[in-house]
Each structure stands twice: as structure tokens, then as C-alpha cells.
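Asks: Starting off with a structure, shown below.
The values are calculated or read from the model by the stated rules, or taken from the named source; none is laboratory data. Predicted model only: the values in this text are computed from it and were never measured. For neighbour counting, all protein chains shown are included, and Cβ atoms are generated from backbone atoms with ideal geometry for every residue, glycine included.
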Amino acid sequence: MNSPLEPPVMIGPKTREAYSGSTDEVVEEIMSSWPQDAWDLRAYLLSKSPFLSQESLEQMVQQAIMPDAMVTEILVANPEATQAEGFLNWLQEESGHPLPPSLLALVVASWDERTYRSSLESTMAFHHGEMTQAAHYLMDHYAADTTYEHVDSLRLVWQEVRTLAGRYAEALTYVQEGNFTAAIDVVSHLPIEHNMELPEAQERVRMLDVLDLLKTAVEDDRDESRLDSAEVAELETLAAGAYDRPANWASNILCFYYDKCRSPLTGGGGHAPMMPLPWAGLEATSITEPSLSLQPNPAAAWVAAKYVLDHDPGEAWICVRDVNGKEQLRSKIVQREEQVVFDLRALAPGAYTVVLSDEGVLSLTDKLIVQP
């Protein structure tokens with residue numbers, strides 16, 4: 001169990017279940033093994049633990065080349081993967097090789113152990129949050145400068161924030177300079193760095209369509225104000241019924257240059273679906289006792305955490321933690337009473353705890369249910 005650990009290759013927000021080429025490598029090794037090689041395979045898999053993916057564990061179980069005791073040993077060594085949603089249900093009901101209750105209990109018990117991997121992910125998540133917050137402070141500083149546009153500096157900041165939003169913001173800085181080739185290159189390479197679900201992949205294709213259209217106009221010595229009727233129609237198609245980044249870019253051009261404006265996503269007029277504001281439905285309170293409330297709860301895309309303190313906060317934070325106590329989201333607080341909105345779209349469905357701590361002391365907590 002004390003095998004050398006290999007650090008994971010971090011490729012995006014879904015690193016937990018897919019690690020660059022390592023998953024393919026492990027699966028290939030499992031598939032090429034024969035029953036008499038069970039001990040060698042056991043040693044190999046333990047050397048990769050606790051970084052095995054859910055896919056690798058499923059392949060190991062389905063190959064049925066190791067006894068239950070060895071399978072359990074590998075599962076226990078990879079608690080993060082075995083905690084993935086649906087894994088135990090698949091193991092016991094769909095894999096064809098369920099574990100006896102006594103061994104399954106060992107797998108579940110391993111979830112209480114904090115591994116090097118979980119510690120590393122928690123540390124990296126904390127530093128990423130700090131870096132992102134610092135980046136936004138810097139953005140505010142640049143935005144306050146009305147005499148000079150810090151495009152190069154903005155791009156350097158966004159290049160350090162390795163998220164999808166950061167990459168699109170980086171592409172926008174190239175668009176501001178008229179360098180559509182560089183912008184297209186940034187968007188084209190998104191799948192290399194990030195695991196993209198279908199909506200994200202579709203958004204990327206649509207963004208490339210917008211950039212290609214604008215690049216064609218620029219190469220023809222035209223700008224956004226001089227698009228032909230076919231190009232305007234294409235932008236209208238890209239904007240119709242959607243409110244993602246390419247749709248917003250297209251609708252902004254249409255509104256500014258061609259007086260073809262539409263209601264915003266939260267606007268009226270019957271043109272766009274009404275979406276609740278983060279603070280909608282939250283009742284005003286006169287409570288002076290410390291309190292923490294979540295709305296909505298259960299939640300899906302976002303949750304508003306409203307708190308009231310009976311003192312001025314010091315070094316205080318509101319955090320969202322999973323069932324293992326690992327921090328998933330955090331926000332610094334500086335007021336006695338405030339509302340913090342968390343974007344939950346990157347969190348897996350399940351139970352979480354929202355924690356408010358001041359100077360390292362736990363002050364308030366509340367349970368949060370995240371739905372699909």
C-alpha cells in the first residue's frame with residue numbers, strides 16, 4: 001500500500017475521472033493481463049493508486065482476473081474514484097462481479113481516510129480560488145483606468161486562470177486587437193486542456209463560427225459595422241434562442257450596429273424566458289442573532305447563501321464542502337450581513353455543507369442539496 005505515488009496530470013475541472021493518457025494506459029494494461037499475472041497486475045495498480053480513474057477500476061472488475069480480496073485492496077486504495085456517483089451501484093448490481101458485504105464495507109470505510117490525492121486536490125483548489133480572486137481584483141484595477149486599455153496585461157492575467165471562462169476571456173483580448181487567428185487558435189485548443197461536455201462542446205463550435213465570420217469581414221477590410229446581409233443573418237441565427245457566449249457576442253453586435261436588439265435573459269417583453277435573480281424570493285429579515293440561510297435548497301445551477309453576524313468579521317470565509325469535508329467553493333466575506341451567490345454547475349449532485357468560519361473558528365453551518 002506504500003507504493004510510490006505518481007502526480008496526476010491536471011487537464012481541467014473534471015480531472016477526478018480522467019487523467020490525460022494515464023487512464024488509457026491503465027486500461028490497456030488490465031486488458032492485456034492474464035489470470036496468472038494477477039499478482040503483477042495488483043502491484044502495477046497499487047503503484048498507480050490513489051490516482052486510478054473510475055474507468056480503470058470498472059475495467060479491472062469486469063476482467064475478473066483477480067480474487068475479490070485483491071480487487072477490494074485496489075478499491076480501498078482509490079477512495080476518490082470509488083466515491084464517484086453510481087460506482088458502488090454499478091459494482092453491486094451491474095458489473096456481474098459484486099463484492100460480499102464484508103469486503104464492500106471495507107471499501108466504504110476507506111472513504112474516511114484522507115489520501116495524498118485528496119489533500120493535493122484540496123490544496124490546489126484553494127490556491128486556484130485565491131489566484132482567481134486576485135485576478136478579478138486586478139481586472140477591476142485595470143477597468144478603473146480610463147486613459148489606457150491594458151489588453152496585454154489582461155491577457156496575461158487570464159492566461160494564468162486555466163478555466164473555460166478564462167480561455168474565452170483570453171480570446172476576447174485578441175479580438176480587441178483584431179487578431180482573429182490567435183483568438184480562433186485559443187478556442188480551437190480548448191478540448192486539449194478541458195474535458196468538455198456536450199453543451200460546452202457545442203458552445204465552442206458556435207464561438208468558432210462567430211470568430212470565423214468576423215475574421216472573414218476583417219480580411220475583406222470590413223469591421224462589425226459593415227457586415228453583409230448574409231453575415232447579419234448568420235449572426236441572428238447564432239443568437240436565436242441561446243444565451244451562451246457566442247450568442248451574447250452575436251446579439252451585442254446586432255444590437256450595437258444594426259438595431260436588432262433582444263430582451264436580456266432576465267428581461268421581459270416575452271422574448272426571453274424569465275429567470276430568477278439570485279436574490280429573488282429571499283425575504284428581508286430583522287434577525288440580529290447570527291444566522292445562515294440557503295435559497296434555493298435543494299439547488300441546481302446556483303445557491304444564494306445569506307448570513308447575519310453579530311460582529312464585524314475578521315479573516316472570514318463562506319465555503320462549500322463535500323461529504324468528505326473537502327472544500328469545493330469559497331468566498332471571502334467582509335460585511336456583518338451579506339449574500340454570497342455560488343455557481344454550482346461544476347459540482348456533482350449530492351449533499352454538501354455550507355460553512356462560515358471567522359478567524360479559523362467555525363461559526364455557522366447549513367446543509368445544501370445539489371440536484372442534477
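Asks: Test each condition in (1) of a type outside the set (A, V, I, L, M, F, W, C); (2) part of a strand (DSSP E or B); (3) within 25 Å of Ala109 (Cβ to Cβ) for Ser293 and report the one that comes out false.
Replies: (3)
Asks: When you look at Ala346, is it part of a loop (DSSP other than H, G, I, E, B) and within 28 Å of Thr82 (Cβ to Cβ), yes or no?
Replies: yes
Asks: Cβ-Cβ distance below 6 Å, separation of 6 or more or different chains: which pairs start in region 57-72 with a residue that is over 15 Å from Leu91 (Cα atoms) and end on one that is polar (S, T, N, Q)?
Replies: Sorted first by the residue in region 57-72, then by its partner, the pairs are Ile65/Ser33.
Asks: Anything in region 312-330 that is surrounded by 14 or more Cβ atoms within 10 Å (Cβ to Cβ), of a type outside the set (Lys, Arg) and farther than 22 Å from Glu289 by Cβ? List them, or say none.
Replies: Val320, Asp322, Asn324, Glu327, Gln328, Leu329 - these are the residues of region 312-330 that are surrounded by 14 or more Cβ atoms within 10 Å (Cβ to Cβ), of a type outside the set (Lys, Arg) and farther than 22 Å from Glu289 by Cβ.
Asks: Could I ask something else about it? So how many residues does region 211-268 have that are under 28 Å from the mean Cα position of the chain (by Cα) and either modelled with pLDDT of 90 or more or in the same structural domain as Tyr168 (by TED's automatic domain parsing) (or both)? Please lay out each step first, then the result.
Replies: Quick first cut of region 211-268, residues under 28 Å from the mean Cα position of the chain (by Cα) only: 211-212, 238-252, 264-267.
Filter once more, so that each one left must be either modelled with pLDDT of 90 or more or in the same structural domain as Tyr168 (by TED's automatic domain parsing) (or both): 211-212, 238-252.
The total comes to 17.
Asks: Please report, ordered by residue number, the helices (runs of 4 or more DSSP H) entirely within region 11-110 with at least 3 residues that are at pLDDT 85 or above, polar (S, T, N, Q) and in contact with a helix residue (DSSP H, G or I) (Cβ under 9 Å, 6 or more places away or on another chain).
Replies: Output list reads 54-63.
Asks: Go through Leu344, Leu309 for me and flag whichever is under 24 Å from the mean Cα position of the chain (by Cα), in the same structural domain as Pro296 (by TED's automatic domain parsing), buried (at least 17 other Cβ atoms within 10 Å of the Cβ) and not aromatic (Phe, Trp, Tyr).
Replies: Result: Leu344 is the single residue among Leu344, Leu309 that is under 24 Å from the mean Cα position of the chain (by Cα), in the same structural domain as Pro296 (by TED's automatic domain parsing), buried (at least 17 other Cβ atoms within 10 Å of the Cβ) and not aromatic (Phe, Trp, Tyr).
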